[in-house]
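The values are calculated or read from the model by the stated rules, or taken from the named source; none is laboratory data. Just so we're clear, the structure is a prediction, and the values are computed from it rather than from any experiment. All Cβ positions, even for glycine, are placed from backbone atoms using ideal geometry, and neighbour counts span all protein chains on display.
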Amino acid sequence: MQGNNILFIMADEHNYNCINQLGNDFIITPNIDSLVKEGTTFTSAYTPSPLCVPARASLATGTYVHKNKYWDGAHAYDARVPGWQHVLRDNNVNVTSIGKLHYKDRTIDTGFTETIEPMHLKDGLGDLFGLLREEMPPKDACKRLSEELGRGDCEYLEYDRLITNKAIEWIRKQKKREKPDSPWVLFVSFVSPHYPLIAPPDFYDLYNDANLPYDNYQNLSKNKLHSWVKGIRESWPYDDYMDEEKRKIAVQAYYGMCSFMDSNVGKLLTELKQCDIYDDTTIIYASDHGESLGNRGLWGKMTMYEDSASIPLIIKGPNFKKNQMCKTPVTLIDLYPTIFDILSLDHVASEANIDGESLRAIANNTYDKNRCVLSEYHGAGSYGGAFMLRMGDYKYIYYVGHQPEVFDIKSDPNEKQNLANDPSFRSLVDMLDNALRSIINPESVDEAARSDQKKMLKDVGGIDFVLNRGNYAGTPVGS
């Protein structure tokens with residue numbers, strides 16, 4: 001089984017465009033760059049949902065949100081649907097997690113052989129504001145973004161340092177195992193570059209004299225936003241507390257945090273090499289979703305635009321070509337069968353009711369312009385469910401109760417021109433809508449999400465309980 005170990009590194013909120021080797025000449029990411037050079041990068045990769053909790057539930061189960069029904073920041077993964085880690089453990093594979101999981105709480109069976117320094121939902125409840133939908137008041141915790149940013153330190157950065165040290169210790173122990181030839185899977189999940197946008201001084205200072213691309217993160221007045229997106233901006237009013245100077249500090253801090261994240265990746269790669277297991281280990285690098293970073297006046301995630309919904313996804317290993325760019329659309333749920341394929345346990349994955357396909361097969365086949373991947377958002381601030389379908393060069397965004405958007409990502413990567421209302425693209429819009437509806441009925445899914453959310457709202461004590469509990473800017477370490 002030599003060569004079948006897996007080190008799965010997950011970042012949180014890493015914008016796909018913030019990797020030097022993938023075209024951002026301003027950012028410093030030498031270690032992730034090395035993975036790009038030595039592996040396969042999936043250039044059209046997406047999150048199943050642009051929000052931590054549902055994205056991670058879909059990653060675990062290998063299923064889309066509408067199937068697993070982990071809808072929002074309150075419906076967290078609870079092992080009701082077994083994850084790939086449960087199946088690996090049942091097949092006697094050592095599968096260990098270190099760091100952020102964002103599952104329901106510490107009482108559930110995560111499926112991992114060992115769970116080290118986990119982070120789960122606060123009080124096992126998470127962000128209940130997502131249950132309110134149209135009745136949700138603006139999140140006043142968003143003000144913290146403007147108050148806690150720049151050069152310094154914070155609990156999340158210290159947590160990531162702990163995660164790195166624990167992962168290094170774990171990798172080092174593998175040389176002393178009784179069965180060194182049996183494969184293992186190590187899931188190392190960081191918080192960076194998730195807000196607060198605070199970078200360690202040495203990483204923040206990397207960009208002191210850099211002419212950063214602030215124009216890439218252009219603000220837009222609210223009246224120029226799509227009607228559904230306007231609801232997100234008003235419900236998550238981060239930008240109301242920002243000014244031009246704070247926006248620049250935030251961008252520099254985010255770049256510094258990406259470089260900090262990269263440095264932790266480098267330490268793990270170095271340890272693999274020192275332990276002489278680097279060549280025997282497949283390395284996966286991914287993020288749960290992206291980060292808008294002030295573009296359109298949006299911060300965080302929650303939308304279907306590229307900043308938020310697209311993700312970096314890189315795999316380096318014996319079964320993946322070096323320095324390859326795979327354009328076929330893929331998603332985090334494809335990692336479930338990929339892990340089993342790498343471990344030569346693909347017959348086990350074939351027995352599961354999952355939605356993904358092995359990325360090894362996708363990467364080694366020709367560009368599939370007909371493959372569709374989905375992303376959904378049913379959380380806080382959504383005035384109707386949002387559904388994204390990526391097919392070939394085109395992205396179709398369907399909003400329940402609002403006008404759709406269509407973008408040609410190849411010719412318009414910044415999504416400036418909505419083609420949905422252009423009569424000359426009518427047949428394209430109809431084709432994309434039919435493709436979406438061949439997979440799901442958006443209105444029915446939206447209704448199902450709202451029904452489950454109303455039930456949970458009642459179970460936790462109603463609107464008054466949610467409002468009195470308040471909201472917070474991020475999950476505390478130790479949850």
Exercise. Any chance the stretch 417-429 includes a residue that's assigned to a helix (DSSP H, G or I), out of contact with any strand residue (DSSP E or B) (no Cβ under 7 Å at 6 or more places or on another chain) and closer than 16 Å to residue 121 by Cβ?
Worked result: no
Exercise. Can you spot a residue in the stretch 137-160 that is within 19 Å of residue 202 (Cβ to Cβ) and of a type in the set (S, T, N, Q)?
Worked result: no
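For the stretch 199-234, what are the residues that are of a type in the set (S, T, N, Q) and either in contact with a Cys (Cβ under 9 Å, 6 or more places away or on another chain) or more than 24 Å from residue 51 (Cβ to Cβ) (or both)?
Here is the first cut: in the stretch 199-234, the residues of a type in the set (S, T, N, Q) are 208, 211, 216, 218-219, 221, 223, 227.
208, 211, 221, 223, listed by residue number.
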Problem set entry | Extreme residue, surrounded by the most Cβ atoms within 10 Å (Cβ to Cβ), among residues of the stretch 270-289 that are within 16 Å of residue 32 (Cα to Cα) and touching a Pro at 6+ places or on another chain (Cβ under 8 Å) | 287
For this session: Could you please find all residues in the stretch 447-470 being surrounded by fewer than 12 Cβ atoms within 10 Å (Cβ to Cβ) and part of a loop (DSSP other than H, G, I, E, B)?
Result: 470
Problem set entry | Residues that are aliphatic (A, V, I, L, M) and either in contact with a Gly (Cβ under 8 Å, 6 or more places away or on another chain) or closer than 17 Å to residue 64 by Cα (or both), drawn from the stretch 431-452 | 435, 436, 439, 440, 445, 448, 449
For this session: Only residues that are of a type in the set (S, T, N, Q) and touching an Asp or Glu at 6+ places or on another chain (Cβ under 6 Å): list them for the stretch 84-135, please.
Result: 96
Seminar exercise, completed: Note: among 125, 132, 145, just one is closer than 22 Å to residue 257 by Cβ and either crowded, with 16+ Cβ neighbours inside 10 Å or without any contact (Cβ under 8 Å) to a residue 12 or more places away in the chain (or both), namely 145
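Within the stretch 430-446, restricting attention to residues that are in contact with a helix residue (DSSP H, G or I) (Cβ under 8 Å, 6 or more places away or on another chain) and not in a loop (DSSP other than H, G, I, E, B), which residue is farthest from residue 369 (Cα to Cα)? Before the answer, list the steps.
Taking the stretch 430-446 as the starting set, the residues that turn out to be in contact with a helix residue (DSSP H, G or I) (Cβ under 8 Å, 6 or more places away or on another chain) are 436, 440, 442, 445.
Pick out the ones that are also not in a loop (DSSP other than H, G, I, E, B) and you get 436, 442, 445.
Values: 436: 15, 442: 23, 445: 26 Å.
Ranking the candidates gives 445 first.
With the requirement that a residue be assigned to a helix (DSSP H, G or I) and either touching a residue at least 12 places away in the same chain (Cβ under 8 Å) or under 24 Å from the mean Cα position of the chain (by Cα) (or both), what does the stretch 342-385 give you?
342, 346, 348, 349, 359, 360, 361, 362, 363
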Exercise. Any chance the stretch 103-118 includes a residue that's in contact with a Gly (Cβ under 7 Å, 6 or more places away or on another chain), surrounded by fewer than 21 Cβ atoms within 10 Å (Cβ to Cβ) and assigned to a loop (DSSP other than H, G, I, E, B)?
Worked result: yes
Exercise. So which residues in the stretch 69-92 are under 20 Å from residue 167 (Cα atoms) and surrounded by fewer than 22 Cβ atoms within 10 Å (Cβ to Cβ)?
Worked result: 89
For this session: Within the stretch 1-40, work out how many residues are hydroxyl-bearing (Ser, Thr, Tyr) and surrounded by fewer than 23 Cβ atoms within 10 Å (Cβ to Cβ).
Result: 1
Problem set entry | Where a residue in the stretch 409-438 is at pLDDT 95 or above and its partner, wherever it lies, is assigned to a loop (DSSP other than H, G, I, E, B), with Cβ under 6 Å and at least six apart | 409/393; 410/393; 415/305; 420/404; 425/419; 429/420
Problem set entry | residue 217 under 23 Å from residue 157 (Cα atoms) and either of a type in the set (A, V, I, L, M, F, W, C) or under 22 Å from the mean Cα position of the chain (by Cα) (or both) | no
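Pick out, from the stretch 152-237, the helices (runs of 4 or more DSSP H) lying fully within it that include 1 or more residues that are at pLDDT below 95. Even if it seems obvious, please write down each step before you answer.
Details: elements: 155-173, 201-204, 227-235.
Qualifying helices (runs of 4 or more DSSP H): 155-173, 227-235.
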